[in-house]
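Novice: Quick one: the structure is below, and I'll ask about it shortly.
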Amino acid sequence: MSLLTSKPKGTADVLPGESEKIVFMENKLRECAALYGFCELRTPVFEHTELFQRGVGETTDVVQKEMYTFEDNGRRSITLRPEGTAGTVRAFLEHGLFNEPLPQKYFYLTSCYRYEKPQAGRLREFHQFGVEALGAGSPAEDAEIISLAKHIFDLFGVEKLRLEINSIGCPVCRKSFQAALRDYFTSYKDKLCETCLTRLEKNPMRILDCKSPVCGEIAKGAPRVLDYLCAECEDHFAQVKKYLTVMGIDFTVNPTIVRGLDYYTKTVFEFVSDAIGAQGTVCGGGRYDGLVGELGGVPLPACGFGMGIERLKLLLEAQETEFPPPDRVQLYLAPANAAYSFEAMRLCETLRSEGVSAQTDVAGRSLKAQMKYANKLSARFTLVLGEDEISTHLAKVKNMDTGEEKEVSLDRLAGDFLKILLSAQLGDIPAADAEEIKLTLLNGGKNTWNV
């Protein structure tokens, strides 16, 4: 077979079998966010380019090398979002959410786009879970944000994961740090990459985040930001560490963490694993107290993190986490011939209206072929619909795991079948109680039936 085209480099198709894993992860992430009081916020997949230039920073790798930017038909510069924080803050300001009680706490599950070299755990289209708390400047918020990330990893049973934290100070104390970095890197001007040469005057701290092996080696001997913190930033960092300690959250101070985006201030952190190779950071974040003001709002403190869904999935698979099996078809109705397909379709519709996963033949298969297909679907039960069943209004439902058969009335198939489902899970139901039993078997217990 000759394909017209294939998926673009750095993208991935999520096929059945894998998509269920993603949905399971997303549902758990939503549950964790709600537990900490975060509400979902969704923003457009593209924004005006200036949002990321001002918010993320013109000297970052993201803006300089990785953004998907284009001109639309109105000759406006548009960029596919490379991260979720800037768009969240833009929505917060545009809709006046700063007038609501603070802090405002949001989470998102979103796609992001960066032009990078594709490898395991790094795609050009990737997906991110993120949280943002806007309007809280206390070190307690830093600790709560970190606690939420740890809660997620604990919930998934992630092992051998370490939390690394640092403080990169505020604009006041960062001036002296930037000056020290400029002095240090100036002596290596002949060895720095072209990109870092442009950063040397504008923002030498970005050199610490360069992916070039040469620049990375030079950066090892650079001044450390912790030696330049002002009294306020030093106290803030000390309180963050105290909060984490009293919460029982282990951490290591790593003075080399600066994060790759310019909006960060004070606390920065990463959760790192050695189980997925070079792309070991599965969650990163920190405080960004200047971003709201930078984007045109009244300055407000803020804190958050981003967690790569693909990297989290890689991590779970690397430690052989058991994902829930895909949902099975609960009942497959097999018409013995085409004449009975109308009744089979009607019964399917009745079952589905009661929340039962049901399928029937829509491909004109023979009865034998239908049973093979039901096996491939891993149907829990099957029901053959032939002349006898239609005339008597009675049929037998077969348990495909045990081979056991039970008779049901087609006139009240949904109720009879739901009793069979309950019996398969809980054992036989006393006949005297059958009419009063309320079943909550499907859809996570959200549906209730009176039978």
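The numbers here are math on the coordinates, done by the rules we state, and not lab data. None of the values given here were measured: they were computed from a predicted structure. Note: ideal-geometry Cβ built from the backbone for every residue, glycine included; neighbour counts use all protein chains shown.
Novice: Sorting check: for 237-245, 81-89, which peptide has the highest mean count of neighbouring beta carbons within 10 Å, and how do the rest follow? Before the final figure, lay out the partial values.
Specialist: Details: 237-245: 17.7, 81-89: 24.6.
Highest mean packing first, the order is 81-89, 237-245.
Novice: Grab the other residues whose beta carbon is less than 14 angstrom from that of Arg182, score K and R as +1, D and E as -1, and report the net.
Specialist: +4
Novice: Please give the calculated 222 nm ellipticity per residue for the chain, where each DSSP H segment of at least 4 residues contributes -39500 (n - 2.57) and the sum is spread over every residue; nearest 500 deg cm²/dmol? Could you put the intermediate results ahead of the total?
Specialist: Details: 14 runs with 156 residues, N = 451.
The per-residue figure over the chain is -10500 deg cm²/dmol.
Novice: First check a/c for the range 133-199, with a ≥ b ≥ c the square roots of the eigenvalues of its C-alpha gyration tensor; if it is under 1.5, answer rounded, and if not, answer prolate when a/b is larger than b/c or oblate otherwise.
Specialist: The shape class here is oblate.
Novice: Over the chain, calculate the relative contact order: mean separation of alpha carbon pairs under 8 Å at least 6 apart, over the residue count, as a percent.
Specialist: Computed over the chain, the figure is 14 percent.
Novice: Near Lys419, which lysines are there with a Cα under 27 Å away, not counting those fewer than 8 places off in the same chain?
Specialist: Output for Lys419: Lys372, Lys376, Lys396, Lys398, Lys406, Lys438, Lys446.
Novice: Which lysines have a Cα less than 25 Å from the Cα of Lys220, not counting those fewer than 8 places away in the same chain?
Specialist: Once the sequence-local lysines are set aside, what remains near Lys220 is Lys65, Lys117, Lys175, Lys189, Lys191, Lys202, Lys211, Lys241, Lys266.
Novice: Another question about this same structure. In degrees, nearest 10, range 0 to 90: what is the angle between the Cα axis of helix 171-186 and the longest Cα principal axis of the chain?
Specialist: 70 degrees
Novice: Label the range 149-300 by shape, choosing from rounded, prolate and oblate, from the square roots a ≥ b ≥ c of the eigenvalues of the Cα gyration tensor; if a/c is under 1.5 it is rounded, and otherwise prolate applies when a/b is larger than b/c, oblate when it is not.
Specialist: Numbers: a/c = 1.86, a/b = 1.31, b/c = 1.42.
Here the range 149-300 falls in the oblate category.
Novice: Let me ask you something else. Write down the Å³ per residue value for the convex hull defined by the alpha carbon atoms of the range 331-440.
Specialist: Working: hull volume 11.4 nm³, N = 110.
Normalising the Cα hull of the range 331-440 by residue number yields 103 Å³.
Novice: Also: Sort 164-172, 14-22 by packing, meaning the average of other beta carbons within 10 Å per residue, with the highest value first. Numbers along the way, then the final one.
Specialist: Working: 164-172: 20.3, 14-22: 12.3.
Highest-to-lowest ranking by the protection proxy: 164-172, 14-22.
Novice: Kindly express, to the nearest 10 degrees and within the range 0 to 90, the angle between helix 85-94's C-alpha long axis and the longest C-alpha principal axis of the chain.
Specialist: With rounding to tens, the tilt is 90 degrees.
Novice: Another one. Using all alpha carbons of the range 103-215, what is the percent of pairwise distances in each 5 Å bin, ordered from the shortest bin to the longest?
Specialist: The distribution over the range 103-215 is 2, 8, 13, 13, 15, 19, 16, 11, 4, 0, given as percents.
Novice: Using modelled amide H (1.01 Å from N, peptide plane; none on Pro or chain starts), what sits under 5 Å from the amide H of Lys266, excluding residues fewer than 5 places away?
Specialist: Correct list: Ile168, Gly169, Cys170.
Novice: Nearest 10 degrees, 0 to 90: what angle lies between the long axis of helix 341-353 and the longest principal axis of the chain (Cα atoms)?
Specialist: The angle comes out at about 50 degrees.
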